1. Between Leu42 and Ala136, what FRET efficiency follows from the Cβ-Cβ distance if R0 is 45 Å, with the result rounded to 0.05?
2. Could you calculate the contour length gain from Leu59 to Val199, that is, 0.36 nm times the residue separation minus the distance between their Cα atoms, to one decimal place in nm?
3. Lysines near Lys96 by alpha-carbon distance under 16 Å, same-chain residues fewer than 8 away left out - which ones?
4. Could you list which residues have their amide H under 5 Å from that of Ile15, counting only those 5 or more apart in sequence or on another chain, with H placed in the peptide plane?
5. Would you kindly state how much longer the chain becomes between Lys96 and Asp258 on full extension, computed as 0.36 nm times their sequence separation minus their alpha carbon distance, in nm to one decimal?
6. Set the Förster distance to 41 Å, then compute FRET efficiency between Thr159 and Phe221 from the Cβ-Cβ distance, nearest 0.05.
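Readers should treat all values here as calculations from the given coordinates under stated rules, not as data from a laboratory. None of these values were measured; they are calculated from a predicted model. With ideal geometry, Cβ positions are generated from the backbone for all residues, glycine too; neighbour counts draw on all protein chains shown.
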Amino acid sequence: MEVTREEHASELPEISAITVSDLLKCLKQGWQDYKSAPMLGLFFSAFYVLGGYVIVSVLFFSGEVWWMMPLTVGFPLLAPFAGVGFYATSCLIEHKEPVTWRRVLACALMERKRQIPWVGAIIVVWFLLYLLISHAIFAITMGLSALTDISHSFGLFFTPTGVGMMIGEVVVGAGFAFALFTITLVSLPLLLEREVDFVTGILTSVRAVMLNFGVLMVWAFMISAIMFVAMLPLLLGLFIALPVLGHATWHLYRKLLDAPVDGKLHF
């Protein structure tokens, strides 16, 4: 099928209220999509998992082991990068179109010329800002002990000051993750499917989260718990968690925005 794009802006759908039962339905649909195209799910997850191995290896061999804490907390902030491939796959399944490597990869590559890279830039800047603040928290709370070789002084993390530092890191990381969750939950799939600018996409995402705040906080907790458990077995659980959550997010986007499937694809 020839790739085409609308030249005019898409009309924005209304935002709908959802329930916790909708979240469970989305997870079930995400699992079904993953089973429909498992190799694509593994492919896009591999970039994330391999990136995690690279980060851990660099930190371990450089001796800067203390960075493990902020990077472990902040690592999931980059998860939306893997989303485009999952969203495209779910969109094709939804439209009962053939799910081929060519279609999905072409969609992912085509997005570099559209609005999603702007959101990607925000994610990168947000992650770097988090690392900067995380480093500042470490330096302030640990004081002179920050000048010691942390890689040979793990006991420092279990002192009252060290525990306080780790709590601070987690709280700040949670705040950054929530902000990123708010601006990307709807914006990324919306920008993939429709012709809207990234600012409109972000504002729509924020409105959707605020309208369904309680329910989506349950979703955010579910994501955090699943991602944390998935990262424990050497990140290998991400090969399942990332695709399922990515596909589920597409279906959640469908429930949040009152927009019937019109049968037309733009990729």
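1. My answer for the efficiency is 0.75.
2. On the way: separation 140, 0.36 × 140 = 50.40 nm, distance 3.54 nm.
Result for the pair: 46.9 nm of gain on full extension.
3. Cα-Cα hits under 16 Å: Lys35, Lys264.
4. Asp258
5. Details: separation 162, 0.36 × 162 = 58.32 nm, distance 2.00 nm.
Taking 0.36 nm per residue and subtracting the Cα distance, the gain is 56.3 nm.
6. The computed FRET efficiency comes out at 0.90.
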